[in-house]
Amino acid sequence: MKREIQKIAVTITATIIAFWLLDFGIGKFFDTIISHMPPDGERVAKSYFALHRVNADMLIIGSSRAETAYDSRILMDSLPRLSVYNCGGDGQEFYYCNTLINCILDRYTPQVIVWDFKERQLGIPPKENLSLIYPYYWTNSYIRQVLDRHEGSSFKYIMHLNTYRYNATAGRILRSVFASQTAAQSSTLGFGGRPVNRRITLTPKDFKITDGELDPDIVREFKATVRRIKHAGCKLFIVISPMYDEYNQDNFYTRETSQLCQELGITFIDDSHLEGFTHNKEYAFDNYHININGAEVFTRHFASQLKEYLGK
């Protein structure tokens with residue numbers, strides 16, 4: 001009986017040691033190769049580049065709507081004294097964008113930040129998936145503070161497991177590194193244009209926003225970030241870009257966002273209903289994103305707006 005117990009104890013100990021070694025190896029492996037990703041394309045690669053290396057004069061911040069709507073090359077042609085990088089990331093919401101801006105400001109101060117808002121950006125959101133920044137939990141104190149606040153009291157203990165820290169991003173990192181080594185990639189400066197022709201039927205899903213509620217935590221963090229941006233001497237533009245669907249432009253969230261921007265002394269540009277985009281299939285990728293043709297038209301229009309505000 002005693003011998004059997006010893007065998008079980010040895011087996012358990014060996015299993016724990018083997019798992020620890022495997023987990024340690026996985027962490028070291030991905031901590032190393034994550035820095036070899038290209039600056040464009042895959043969202044994990046873009047996120048790493050934006051957090052650690054971007055140094056452009058103008059940054060576009062936001063979700064996939066930002067990524068698909070602002071062509072960096074057109075902006076640089078229109079504003080030749082400014083370099084531009086589009087940091088937009090598919091599926092990213094307020095807390096990711098807010099974290100990204102603050103981490104960038106820890107490294108350097110861009111001249112201009114364009115933050116593309118959704119119509120309910122300051123409203124009460126569903127739980128946001130922040131796994132894109134999990135890999136940097138131990139190397140970035142700001143990210144660690146954000147994740148500790150938003151992921152629960154036990155999260156800091158789970159982050160000791162590298163297999164969990166890289167669970168949502170490991171496949172993307174491998175694909176990104178593999179693609180960068182096997183194919184010539186031309187830089188798009190972060191712009192992820194969507195194709196023109198899609199085999200889908202676009203049906204308007206127009207909606208009306210009657211009332212709403214702002215998230216006090218989001219509003220508080222937004223105000224803090226705006227103050228930091230202004231204190232650093234950077235110009236901030238809050239923009240709602242066009243889309244295929246239509247909603248009532250004069251709604252609770254738009255009014256509150258506009259009023260808040262006015263109070264904070266920053267520019268709010270609502271291009272959500274820009275002429276020629278609503279229900280125009282020539283410019284639409286789907287109901288919420290414009291295609292590469294729409295991005296060209298919108299970016300040229302937006303560049304002219306920026307010129308007026310920047311005096312360039």
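The values are calculated or read from the model by the stated rules, or taken from the named source; none is laboratory data. Since the structure is predicted, the reported quantities are computational estimates derived from the model, not experimental observations. We place every Cβ from the backbone using ideal geometry, glycine too, and count neighbours over all the protein chains shown.
Worth pointing out:
- Unique match (being surrounded by fewer than 21 Cβ atoms within 10 Å (Cβ to Cβ), in contact with a Ser or Thr (Cβ under 7 Å, 6 or more places away or on another chain) and either modelled with pLDDT under 95 or charged (D, E, K, R) (or both)) among D31, D90: D90
- Every listed requirement among (1) farther than 18 Å from W115 by Cβ; (2) in contact (Cβ under 8 Å) with a residue 60 or more places away in the chain; (3) not in a helix (DSSP H, G or I) is met by Y288 save one, (1).
- Being at pLDDT 85 or above, at negative phi and within 23 Å of the chain's Cα centre (by Cα) holds for only one residue in L174, L189, L161, and it is L174.
- Some residue of the stretch 138-147 being among the aliphatic types (A, V, I, L, M) and within 19 Å of A45 (Cβ to Cβ): yes
- Test: Y108 is closer than 23 Å to G27 by Cβ and either at pLDDT 95 or above or touching a Pro at 6+ places or on another chain (Cβ under 6 Å) (or both): no
- Filter pass, K230 being over 22 Å from G190 (Cα atoms) and part of a loop (DSSP other than H, G, I, E, B): no
- Residues that are touching a residue at least 12 places away in the same chain (Cβ under 8 Å) and part of a loop (DSSP other than H, G, I, E, B) within the stretch 132-141 comprise Y137, W138, N140, listed in sequence order.
- Among the candidates P125, P204, residue that is assigned to a loop (DSSP other than H, G, I, E, B) and either modelled with pLDDT of 85 or more or under 20 Å from F222 (Cα atoms) (or both): P125
- The residues of the stretch 45-71 that are of a type outside the set (D, E, K, R), surrounded by fewer than 22 Cβ atoms within 10 Å (Cβ to Cβ) and over 26 Å from D31 (Cβ atoms) amount to a single one, S64.
- I60 vs. criteria aliphatic (A, V, I, L, M), modelled with pLDDT of 95 or more and either closer than 25 Å to H150 by Cβ or under 12 Å from the mean Cα position of the chain (by Cα) (or both): yes
- Qualifying residue in the stretch 212-226 (condition: part of a strand (DSSP E or B) and at pLDDT below 95): yes
- Note on the stretch 248-273: among residues that are assigned to a loop (DSSP other than H, G, I, E, B) and touching a Ser or Thr at 6+ places or on another chain (Cβ under 8 Å), the one that is surrounded by the most Cβ atoms within 10 Å (Cβ to Cβ) is S272.
- Looking across the stretch 142-167 at every residue that is in a loop (DSSP other than H, G, I, E, B) and hydrophobic (A, V, I, L, M, F, W, C), the one that is nearest to I104 (Cα to Cα) is identified as M159.
- Flag if N293 is in contact with a Phe, Trp or Tyr (Cβ under 7 Å, 6 or more places away or on another chain), in a helix (DSSP H, G or I) and not small (G, A, S): yes
Residue by residue, here is whether (1) free of Cβ contacts under 8 Å to residues at least 24 places away in the same chain; (2) under 16 Å from the mean Cα position of the chain (by Cα); (3) closer than 17 Å to G192 by Cα holds:
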{"residue": "R81", "(1), (2), (3)": "no, no, no"}
{"residue": "N98", "(1), (2), (3)": "no, yes, no"}
{"residue": "Y108", "(1), (2), (3)": "no, no, no"}
{"residue": "V112", "(1), (2), (3)": "no, no, no"}
{"residue": "L122", "(1), (2), (3)": "no, yes, no"}
{"residue": "L130", "(1), (2), (3)": "no, yes, no"}
{"residue": "L147", "(1), (2), (3)": "yes, yes, no"}
{"residue": "K156", "(1), (2), (3)": "yes, no, no"}
{"residue": "R165", "(1), (2), (3)": "no, no, no"}
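- The selection criterion, being over 23 Å from N293 (Cβ atoms) and not in a loop (DSSP other than H, G, I, E, B), holds for A9.
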